[in-house]
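Read through the structure below, which is laid out as structure tokens, and then see the notes.
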Amino acid sequence: MRKITTFLLLFIAFSCSTNNEIRGISLKAPLSKNIDNFLKFTSNVLAPDGVNTIIFNIGWNYEFKSFPELTGPDALSESDIKKIVKHCKSLGIEIIPKVSMLGHQSTLIRDNKGIAVKTKMHSLLENYPEFDENPEVKLPEKYEWPNKDGLYTKSYCPLHPKVHDVVLPILDELVNVFEAKTLHAGMDEVFYIGNDNCIRCSGKSKSELYANEVNLIHSFLKKRNVELMIWGDRMIDGKETGLGMWEASENDTYGSIDLIDKDVIIADWHYRKATKTHDYFIEKGFRVLTCPHNNKEVAKTQYDQYKNHKSENYLGMVQTIWLTNQEFIDFYNGKIKIESGKKGSLETYKELVSLWKK
Ligand SMILES: [Zn+2]
């Protein structure tokens, strides 16, 4: 009976969805021990809710065979991933693996109010410190923002002669194990780029450095028939739009919008208010997705904008969740309370689902 109910819910969800509209959610990868909870959640919640795409934040948490030393502390195995991919496929859900290239090579550890208090290197720069764009900036014992180094997260140097010998095989492994049609390479909030102290990058255009790295990864994936998706913030002028240095760029990378291959898909994230940046990307020839987070009113306006838009290059929406995978499931099921700003991400998700089902 339960199987029949699930089947009926899935049938209704699929029938209601507009053919190619992306109805997505961005989630962190589960821990290996929690995979079955995640699979149950996809069957019982995400699929009946009409979710057809998961941006799956695997990061460095995979048992890489090409560079085993880069395997992160919460790594999933090949069989773990295959199990997840097979299950999601059976539900009509596409998985887009995500690992951050260029920026976000270190991470911030936050307290329960969401304040960043510590910082930790990810495995790429931990193992290959020579790739660090700003080696002169050491990770502090106690992290606070703002800080004198402007340290948010670390970047690798895109002009280091060996860096692509490492990162491209990593992308190759991920697209293979996920049987991915699209890979999300992050590339957001790259604050460290074109460092004056870097013998390779100093004096070069930051827009060109950024665009060349995006295009290099894009052409590598294209040869494998895989599309590239990135966050859009570095391509928007933060000062002119008033959007600031996080969801837009105040470090001279926004000129990259005219240099990046138009085949790249832009995930345009805006959490505080609905913007018109989707129009900007579409006018420039890109396909775009809008990504809300923790404000359901913002998401509602964004969805109205999406529904009233005529361009086929406006692909849909992706709800971003920055809780851990298990936290989101537990929060959804009312088992835990969330005190940080991430609290609103559940009701925003539910708002989007209700709009999808209208
Ligand atoms: Zn450099």
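Rule-based calculations on the coordinates, nothing more; no lab input. Owing to the predicted nature of the structure, the values given are computational and were not obtained by experimental measurement. Positions of Cβ are generated from backbone atoms using ideal geometry, with glycine treated the same way; all protein chains shown enter the neighbour counts.
Brief remarks follow.
- Reported to the nearest whole Å, the Cα centre-to-centre distance from the range 168-189 to the range 95-126 is 17.
- Its alpha carbons considered, the chain gives a radius of gyration followed by a Dmax of 19.7, 66 Å.
- The range 253-259 - phi-based ³J(HN,Hα) in whole Hz, Karplus 6.51/-1.76/1.60, Gly and Pro as x: 9, 5, x, 4, 4, 8, 10
- Global form of the range 221-307, assessed from the alpha-carbon gyration tensor, a/c cut-off 1.5: oblate
- Counting beta carbons within 10 Å around each of His278, His104 and listing the fewest first gives the order His104, His278.
- With a cut-off of 13 Å between beta carbons, the residues surrounding Ile282 carry a summed charge of +1, where Lys and Arg count +1 and Asp and Glu -1.
- Charge dipole (debye, nearest 20) of the chain; +1 at Cβ of Lys and Arg, -1 at Cβ of Asp and Glu: 1400
- Protection-proxy order for peptides 82-90, 21-29, each taking the mean of Cβ atoms within 10 Å per residue, highest first: 21-29, 82-90
- Each of Tyr314, Ser202, Ser256 was scored by the projection of its Cα onto the charge dipole of the chain, and the greatest displacement toward the positive side belongs to Tyr314; charges sit on the C-beta of Lys, Arg, Asp and Glu.
- Considering only Ala299, Leu70, Leu108, and ranking their Cα positions along the charge dipole of the chain that arises from unit charges at the beta-carbon of Lys, Arg, Asp and Glu, the one farthest toward the positive end is Ala299.
- Relative contact order (percent, whole number), the range 155-304, Cα cutoff 8 Å, 6+ residue spacing: 19
- Built amide H within the under 5 Å cut-off of Val117, gap 5+: Ile109, Arg110, Asp111
- Violating pairs (Cα-Cα greater than 18 angstrom) within the set Lys154/Lys206; Lys300/Lys357; Lys40/Lys98; Lys181/Lys206: Lys40/Lys98; Lys181/Lys206
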